[in-house]
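Worksheet: one structure, shown below.
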Amino acid sequence: MSFRDNAVIWFSFIGLLISVFLINNLVDDWGRLSGSWNNLTIFISESLWPPNWSVIEPQAYPVCTVYPLFDFTCSTAWIGIIETLKIAFISTIFGSIISLPLALLAARNLNPRWISFIVRFILAAARSLPSIIWAIFFVILVGFGPISGILAMTIYTVGYLGKLQYESIEGISSIPLEAGKSMGLSRYEISKGIVIPENANDLISQIIFMFEYNVRHGTVIGIVGAGGIGYYINLYLKFLQYDKVIAYLIIIFIVVLIIDFISISARSLFTEEGDSNEDSIFTSFLKLWKETILPQGLLFFSRK
Amino acid sequence: MEDENKTPIVHLKDVVIGFNSSRPLVEITNMEIFPGEVVAVTGPSGIGKTTLLRTIAGLVKPISGYIHVCGSNPSKILRGEVGYIPQRLGLVRHASVLHNVMLGAKTNQKLPKSYFSSKEEKNYSLKTINSLGLTEKINEPVRRLSGGQQRRVAIARTLSQAPSLIMADEFLSELDEKTINMVLREIIDYVKNSKAALLVVEHDVSRAREMADHLLVIDDGRVNPFISETRTILLEAEK
Ligand SMILES: Nc1ncnc2c1ncn2[C@@H]1O[C@H](COP(=O)(O)OP(=O)(O)O)[C@@H](O)[C@H]1O
Ligand SMILES: [Mg+2]
């Protein structure tokens, strides 16, 4: 067996050696690790556990006026998570509205090199900072609250989604593009009539993925004051009420799981194979939506 | 060629076609296609038939020579004047038959200009779809159609452009005998009535002779397509 055959094993081994060297370099006092297990058990038993579920009880003020069965909707956890979902949703929609035209300009197969270079640079700049850093920036610029969160996540969405989009646009077959070009269609008409419909599955599933991504990241931007459930986490961290913090984290975990699950099942419908499967009632409804209602609606609006 | 008074729709003079000047594919000293004419190109595969069509459509730059298509340079052809049907069709597979055909109608210069899709464009598209027997499939996504049906969609898209020049690359493959007759009748009727020109690549020499006024045989008598020597171009007058 040659080195080539075992390349993966060799690379992992060498990588491991380098890591051991680096970690030794970074950590100067290994003794601190020895007490950590004890610290952790004390921390969990005394301040973290059990979670304090008062966070899903209605707040004292403002007075909750909904039907008692639904009074959890007056709780900080509910208000926070809904705000996070709203911020994620709005940012995803705004972000994808801005990113699609940019992605069409960034695609090398549709544009001269210099145009795609400039647009790629803008997109790279937008995603060079994680959304939480953008959030700090906008909190300084426009103050605390969800507006800062929306601005931060919209910018990050433009950068990240734009990259996903132009990469899948560059993957489409050149033949429809040539056909459109030889007819004399303009670049705008080729984008609207050929590129977007040919790529619709990818584009939609990327937007759903981006929403899922934004929900996950939207939970932390509140920590810097940009809105959402992170605000409460930060608040109770400051008051050292870790049992409440853990309750929020459990809620976030569950909500993210649910959103992930919905996102994965929704995206699985927007694949080529997704069309040929035998239909359940659910998928036939979605198919009806996707192939009849949605295109007809788009057609309707495109005819003004 | 027969009528000296008409201006040709396609005119090539001393043209060298290919991707690399050290390895030209096809050299054509003179070729003119006049309104109402059908020219079929035959030759072994890999010799440059597709490249010839793409060059005339302005998608590939010729190595050298003079090319005039519909009154202009191939890179500046007027909108809708050239209907090019690639061998692999280039349809928008995820969109409906109507959507694809309306892309052609959008460039149709005989219809009033419109920014959004107009009623005239839709009606014209429906008419060509109907003439190719696809009326039942209007709203079907193209990828769900058979190979032969997809070919007819591509032809409908081209006809709805009302082009002056149609170029079709092996467009009769995958069609059954009955459909071939229907498609040929539609396309040749269009060419004769609208005084357009038709340039087709046809593998089957006997069928090429059957449909074409002139036959363009590209043949170097060798298998290697990269040999840089002048290829013999026989322009036989048929009929
Ligand atoms: N984009 C391209 N770049 C370089 N060479 C190409 C390209 N497209 C085709 N060729 C080459 O040009 C030659 C002619 O191809 P083509 O015109 O498709 O032949 P035909 O249609 O007669 O079968 C082939 O050898 C092919 O490999
Ligand atoms: Mg070919």
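Evaluating kT/(6 pi eta Rh) at 10 °C and 1.306 mPa s, with the Kirkwood radius of chain A over Cα pairs in the Stokes-Einstein relation, gives 68 µm² s⁻¹.
For region B:53-174, report the % of Cα-Cα distances exceeding 26 Å. It works out to 21 percent of all Cα pairs.
Calculated translational diffusion coefficient of chain B (25 °C, 0.890 mPa s; Stokes-Einstein with Kirkwood radius over alpha-carbon pairs) equals 134 µm²/s. For chain A, modelled as a GNM whose springs connect Cα atoms under 10 angstrom apart, the maximal fluctuation among A:F70, A:F121, A:F211 occurs at A:F70. When DSSP beta bridges are limited to those with both residues in chain B, what percentage is antiparallel, rounded to the nearest 5? Within chain B, antiparallel bridges account for around 55 percent of the total.
Region A:173-216 and region A:221-267 have Cα centres spaced 34 Å apart. Dividing the Cα radius of gyration of region A:38-145 by its Kirkwood radius returns 1.20 for Rg/Rh.
The share of Cα pairs per 10 Å bin across region B:17-76, counted from zero up to the longest distance, runs 20, 55, 23, 1 percent.
Here, P(r) means the percent of Cα pairs in each 10 Å bin from 0 to the largest distance; for region B:91-162 it is 24, 56, 18, 1. For the protein assembly as shown, the Kirkwood hydrodynamic radius comes to 28.2 Å, computed from all pairs of different C-alpha atoms. The residue among A:F138, A:L85, A:L269 whose Cα reaches farthest toward the positive pole of the charge dipole of chain A, with charges on the beta-carbon of Lys, Arg, Asp and Glu, is A:F138. Computed over chain A with a Gaussian network model linking Cα atoms closer than 10 Å, the most mobile of A:D202, A:D29, A:D260 is A:D29. Highest GNM mean-square fluctuation among A:I155, A:I190, A:I14, for chain A modelled with Cα contacts below 10 Å: A:I14.
In units of 2.2 N^0.38 Å, what is the alpha-carbon radius of gyration of region A:106-187?
In units of the 2.2 N^0.38 Å rule of thumb, it is 1.44.
List, in the order given, every pair from A:K86/A:K192; B:K137/B:K178; B:K49/B:K76; B:K61/B:K192 whose Cα-Cα distance in the structure shown is over 26 Å. Among A:K86/A:K192; B:K137/B:K178; B:K49/B:K76; B:K61/B:K192, the Cα-Cα distance tops 26 Å for A:K86/A:K192; B:K61/B:K192.
Rule-based calculations on the coordinates, nothing more; no lab input. Predicted model only: the values in this text are computed from it and were never measured. We place every Cβ from the backbone using ideal geometry, glycine too, and count neighbours over all the protein chains shown.
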